[in-house]
1. Evaluate 2.2 N^0.38 Å with N set to the residue count of region 78-223, then give the Cα radius of gyration divided by it.
2. Hey, what do the phi angles of region 342-349 turn into as Karplus ³J(HN,Hα) couplings, whole Hz, using 6.51/-1.76/1.60 and θ = phi - 60°, x for Gly and Pro?
3. Which residues in region 288-319 place their backbone N less than 19 Å from a point set 7 Å from the Cα of W443 along the Cα-to-Cβ direction?
4. Suppose a student asked you for the relative contact order of the chain, using Cα pairs under 8 Å spaced at least 6 residues apart; what percent would you report?
5. How far, in degrees from 0 to 90, does helix 312-325 lean away from the longest principal axis of the Cα atoms of the chain, to the nearest 10?
6. Separation between the V109 and T533 pseudo-spin-labels, each 7 Å from Cα along Cα→Cβ, expressed in nm?
7. If we sort 320-333, 47-60 on the protection proxy, mean other Cβ atoms within 10 Å, highest first, what's the order?
8. From a point 7 Å beyond the Cα of A94 in the direction of its Cβ, which residues of region 49-71 have a backbone N at a distance under 19 Å?
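The values are calculated or read from the model by the stated rules, or taken from the named source; none is laboratory data. Computed from a predicted structure; not experimentally measured. Cβ atoms come from the backbone with ideal geometry, glycine included; neighbour counts cover every protein chain shown. Remember, those area values only see protein heavy atoms, side chains included, never the ligands or the DNA or RNA. Shrake-Rupley method; radii C 1.70, N 1.55, O 1.52, S 1.80 Å.
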Amino acid sequence: MPFHHVQNLSPAREKLFSLASLLLIYGLCALMVIIVWNARHVNGVTGDEPHYLIMANGLAQHGTLEQTVAYKSALEPPERAKAFGQPPGTKPDASFVHSVAGPHGQFNVHNIGLPLLLAIPFTIGGMVGAKVFMMLFGALIVVFAWKFSALFSTNQRHRWLAVCATCIGMPLLPAANQIYPDLMAGALAMMGLYWFSTTQDKRSMPLELLFAAAVAYLPWLQIKFGPACGVILLAVMSKIFAESRDLKRIARIAAVAALSCLTLIAYNSYAFGKASGPYLQGALDASPASLMVFLGLFIDQNQGFLVQNPVFLIGLLGMGWLYRSRRPLALLGGVLFLSMILLNALHPNWYGGWSFSGRFGWTAVVVFMIPTLYGLLELARRSERAFAAIVLLVMLIQAYLLYHYAFTAPDLYNRAPTTPFDAYAELYPAIHSWLPALYSITWAVSHLPNYTWLTVVIVLPLAGFARKVEFKRFGLLAAAFFALMYGVGTAIINAASSPLPAHKDEVFAAATLPSQTGRIDGSTRVAEPGKDTPGFVSFGPYLPYPRSTYRITVKYSSPAARSEPVALFDVLDTGAQQALMIRELPGTDGAVSEFTADFKIISLQKAPVLEFRNLWAGKHAFKLYDISVKAVRD
């Protein structure tokens, strides 16, 4: 059916392909994630989340934003801390609280917009009530995605499939229950963009003032959303002036914005003694690491929204198509997207600290749903088969990911820069070696899949902006180019990894290795019953070992008989958490002995990071001299 024709659906089909059915699917999936995680006691309240809840509780129970009483009432008596996701006995002291001293007491460093909204839901339903409220607020994203799709197409079935592929999946489903303001800010920004796109529509004064208040609430959620708030409001008022010269309407919007802004400034001045709030110099950091994080928010295998949900690759293509069709919306959306993702990339706490991977991209991703929807619906107009194939593929990927993060409970939290590569994967562990990884500034530049995906990120927008490229021809060329780049890239990886020389021969003195128990005696480590507790006399050294066969020798002594086990030695692949070799070390009758064995590394990809561990049983004295490793020929 042509794109511009109205599609007449039967009543049954109209109900099937409706906003109500989309909201039902979203609600069931998001609620299932909450129930499963809550039942399995995973992905609970952590990071900054308990502090938002403590602020909300202080408002609801004590009617105050001053934090002394709020923290005390949340953590005392000790059992009360469980209601905020904290272990009993957590103290309201400097090691836990997130407040700073201001002119009128202690005030939280977190913005007050989210706690104001959570006060009642948390009072009614506790942590689960707060999570359900966040999930329901996230439904606004589905609603306005549906409304945007109506601006781009009249084919209801195409609209339904496009919104389903864009919204019913990552990052929205796992993010919807997280008690952070990022997704909420994305929903308000999306409302503002829809308001901008439909200023010509007749609305009641209360409804328009509600739009204005929603956009003006952005800096209440976090001050970094202030620029986005200002840009949207200025764009809306400018468009209204250009369309109707309605100064009264503009004045009402400006009054709402001014009232909101002045109230927030008054609070910040009262609480912190300055209009900007608790923020200090150094809140932004421009460095090579910032560039890595910026790119990672696009393509990193854990953080990148293009990898979490590949449907957004169509958004890269749709940017140019939207620009040619609705230039003001494309420009405003582009400015908002860049302002949101750039400020987060410049944050010194990479990728948002201890929170879900991808959180620093959530707000911008909601804005990016708009060119994605346009791209999908334009694709449906040009090639319905290609549209159907892409939507089906995306739905299958998201169904797998939903099962993966809901039921297998992978660790979805940000990984440290020191994480071994083989332990980094969250979503696609089976193919993680072929996916981008931008979390370590020391080697991200040498990881070839980063360049493959970066090429795609550059080529797709250029193709969308190109006027003279025939779509079918471009599709074939783009597919061939992507396959070529991926093939060449992976071939280079294999070629580069195959001839890698084995790790140089090394001898690790026991005193130089990390330990849980025992004492250093010169260059050795000694563990004795009655003086030391059972545990690892040595572990580490956490070094990569490329594909080869290695011979490892443990030099040690023990007064125990040779028939008595003294310690358990293993070689551990830290990424896979898999032992490559496990052996018992027997007593030596007091003599210095050597245990020698061979093990193989067969990985063709990143060299696994190994540690060599001696687990002492604690029954007989044990003295470790050194561990030596050398490569041997097969």
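1. Ratio of Rg to 2.2 N^0.38 Å for region 78-223: 1.30.
2. Whole-Hz 3J(HN,Hα) from phi for region 342-349: 5, 4, 6, 5, 7, 5, x, 8.
3. Residues 289, 292-293, 296, 300-303 qualify, since their backbone N sits under 19 Å from the label point.
4. Answer for the chain is 11 percent.
5. Result, in degrees: 30.
6. My value for the distance between the label points is 3.2 nm.
7. Packing proxy ranking, top to bottom: 47-60, 320-333.
8. Answer for this model: 67-69, 71.
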